[in-house]
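> Encoded as structure tokens, here's the structure I'll be asking about.
The values are calculated or read from the model by the stated rules, or taken from the named source; none is laboratory data. Since we're looking at a predicted model, the values are computed, not measured. Because the Cβ atoms are built from the backbone with ideal geometry, glycine has one as well, and the counts that use them run over all protein chains shown. Protein only, heavy atoms only, side chains kept; ligands, DNA and RNA dropped before computing areas. Shrake-Rupley method; radii C 1.70, N 1.55, O 1.52, S 1.80 Å.
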Amino acid sequence: MAPRTALISGIGGQDGSYLAEFLLERGDRVVGLLRPGAPEGAGLVEPIADRLTLVECDIRDTAGLLRTLGESAPDEVYHLAAASHVASSWDDPVAMADVTAGGTAAMLHAVQRAAPGARLFCAGSSEMFGDGTGEPLGVDARCCPTNPYGAAKLHAFHLVRSFRERFGLFACTGILFNHESPRRSADFVTRKITLGAAGIRAGTMRELRLGRLDGQRDWGFAGDYVDAMWRMLQQPEPRDVVIGSGRLHSVEDFVRAAFARAGLDWRAHVVRDERFIRPDERVALPRVADTRGAAEHLDWMASTEFESLVHMMVDADIASSAR
Ligand code: NDP
Ligand code: GDR
């Protein structure tokens, strides 16, 4: 049987790299879209670049997407490209809407015109819900985003639904809660913490400056979440699904566990810095995933526990700081 072809936008990012490995392992041919002129080149897929077909194409470039989809004839498309940092979405809200919502419109249009038989997964975000309600959040929960990133992801979510209904595309959104890994960018708090703990342990850093520690997140391991993405495209019908662990931990929980793993007392090293505090974040209303949809429809649950995730990330950063 000929190998199946999967196309991944945002392949050089955290999820793209895990997903590419996952699909190669399954025997698929993998085509990846890279942002043109990205300073890191192939990004996190550099080590496996010779096993991939990589194409430079901005996610807003409809003509480039039409051409690439037409030439590669994918069976599955995983649309992961986005500007993914929440706090900085206030610095350039136009670019956020353009890349994250506009890029999804461009991808949907290209799939509909050039590869209408392909199955399309889009990376949605729990930020589209806005504040939590005290109850686990499922696909039907109220959406009231509190920042330009969340608003762009909600726009993208409705675009996917409307293309599905209008053209009968197999297109669905995974509403993803936070997922982390040793490949996470240091712009996000978990990796910032594990790099800080490893750096302080190695003597190359003295302190770690963070914003609020009382914010809570539903955190899982990115390697588990790409399996859920794949499962969504193996279903008989396209269906939006919430993907999360269903468990909340605070930033302080993460700091404490990470520093303990590095053999340090976090209180001696962590400094509060106003620059990292988000005025729009209402920490009293954390969001947590309703995990029942993923269990029922995908037979999926987040299998890596919080402590294991923290240890995996700290151990990786300690190992690389020793090299
Ligand atoms: P990353 O930021 O690691 O990866 C996003 C990728 O998109 C990067 O490779 C980036 O390239 C690329 N990209 C950005 N702008 C463009 C553009 N204009 N054209 C083409 N490519 C572009 O994010 P993750 O891998 O962590 O997340 C994957 C997806 O899942 C994103 O859509 C994110 O919003 C969503 N998500 C992630 C969650 C998480 O906790 N990780 C939770 C909820 C949703 P470059 O690096 O060159 O800028
Ligand atoms: P988030 O992740 O905004 O949830 O978005 P991030 O790791 O940036 O923040 C998590 C929590 O940590 C607090 N915090 C800090 N955050 C950062 N980045 N830097 C700091 O110094 C710092 N100090 C404290 C934040 O206030 C917050 O409470 C992630 C991204 O992957 C999105 O793309 C995705 O859609 C959502 O998760 C779900």
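> Go from 0 up to the bin containing the longest alpha carbon distance in the stretch 89-138, width 5 Å each, and give me the % of pairs per bin.
4, 16, 18, 18, 15, 16, 9, 4, 0
> Follow-up. If you average the alpha carbon positions of the stretch 210-257 and of the stretch 121-200, how far apart do those two centres end up, in angstrom?
9
> Please give the length that would be gained between Gln235 and Glu165 if that part of the chain were fully extended, namely 0.36 nm times their separation in residues minus their C-alpha to C-alpha distance (nm, one decimal).
23.5 nm
> Something else: What ³J(HN,Hα) values, in whole Hz, does the Karplus curve 6.51 cos²θ - 1.76 cosθ + 1.60 give for the stretch 311-318 when θ = phi - 60°, with x put for Gly and Pro?
So the J values, rounded to whole Hz, are 5, 4, 6, 5, 4, 5, 6, 5.
> Another question, if that's okay. Among His297, Val241, Gly134, flag the residue with its Cα farthest along the positive direction of the charge dipole of the chain, charges on Cβ as +1 for Lys/Arg and -1 for Asp/Glu.
Gly134
> Counting only protein heavy atoms and a 1.4 Å probe, tell me what percentage of the stretch 170-262's accessible area is made up of carbon and sulfur.
43
> How high is the relative contact order of the chain, in percent, counting Cα pairs under 8 Å that sit 6 or more residues apart?
About 17 percent, as a whole number.
> Using Cα atoms only, what is the angle between the long axis of helix 189-202 and the major principal axis of the chain, expressed in degrees (0 to 90) to the nearest 10?
50
> Also, I was wondering about something else. Determine ³J(HN,Hα), in whole Hz, for all residues of the stretch 57-62 in sequence, where each value follows from phi through the Karplus function 6.51 cos²θ - 1.76 cosθ + 1.60 and θ = phi - 60°; x replaces Gly and Pro.
Each residue's phi maps through the Karplus curve to give 7, 5, 5, 8, 8, 4 Hz.
> Given Gln216, Val226, Ser181, which one lies farthest toward the positive end of the charge dipole of the stretch 166-263, if we put +1 on the Cβ of every Lys and Arg and -1 on the Cβ of every Asp and Glu?
Ser181
> Of the beta bridges DSSP finds with both residues in the chain, what % are antiparallel, to the nearest 5?
The antiparallel fraction comes to roughly 5 percent.
> Given labels modelled 7 Å from the Cα in the Cβ direction, how far is it in nm from Leu285 to Met1?
Those two pseudo-labels are separated by 4.7 nm.
> With +1 on each Lys and Arg Cβ and -1 on each Asp and Glu Cβ, how big is the dipole of the stretch 244-321 about its Cα centre, in debye rounded to the nearest 20?
With Lys and Arg at +1 and Asp and Glu at -1, about 240 debye.
> In terms of modelled amide H atoms, which long-range or inter-chain residues lie less than 5 Å from the amide H of Phe221?
Glu180, Thr304
> Determine the sum of side-chain charges near Val226: Lys and Arg each +1, Asp and Glu each -1, restricted to other residues whose C-beta is under 12 angstrom from that of Val226.
-2
> Amide H neighbours of Ala171 under 5 Å, counting only residues 5+ apart in sequence or on other chains, H built in-plane at 1.01 Å?
Residues meeting the amide H criterion: Leu120.
> Further, regarding this structure: Please give the direction-averaged projected area of the C-alpha convex hull for the chain, in square nanometres with one decimal.
For the Cα atoms of the chain, the hull's average projected area reads 16.2 nm².
> Still on this model: Any idea of the accessible area per residue across the chain, 1.4 Å probe, to the nearest Å²?
45
> Given H placed on each backbone N at 1.01 Å, which residues far from Ile8 in sequence or on other chains put an amide H within less than 5 Å of it?
Hits under the 5 Å cutoff: Val31, Gly32, Leu33, Tyr78.
> Then there's this: For the stretch 100-113, take each phi angle, set θ = phi - 60°, evaluate the Karplus expression 6.51 cos²θ - 1.76 cosθ + 1.60, and give the result in whole Hz per residue in order, putting x for glycine and proline.
So the J values, rounded to whole Hz, are 7, 8, x, x, 5, 4, 5, 5, 4, 4, 5, 5, 4, 7.
> So for the stretch 232-323, Kirkwood radius off the Cα pairs, Stokes-Einstein at 10 °C and 1.306 mPa s: how many µm² s⁻¹?
Result for D is 97 µm²/s.
> If packing is taken as the average count of other Cβ atoms within 10 Å, what order do 115-128, 39-52 fall into, highest mean first?
115-128, 39-52
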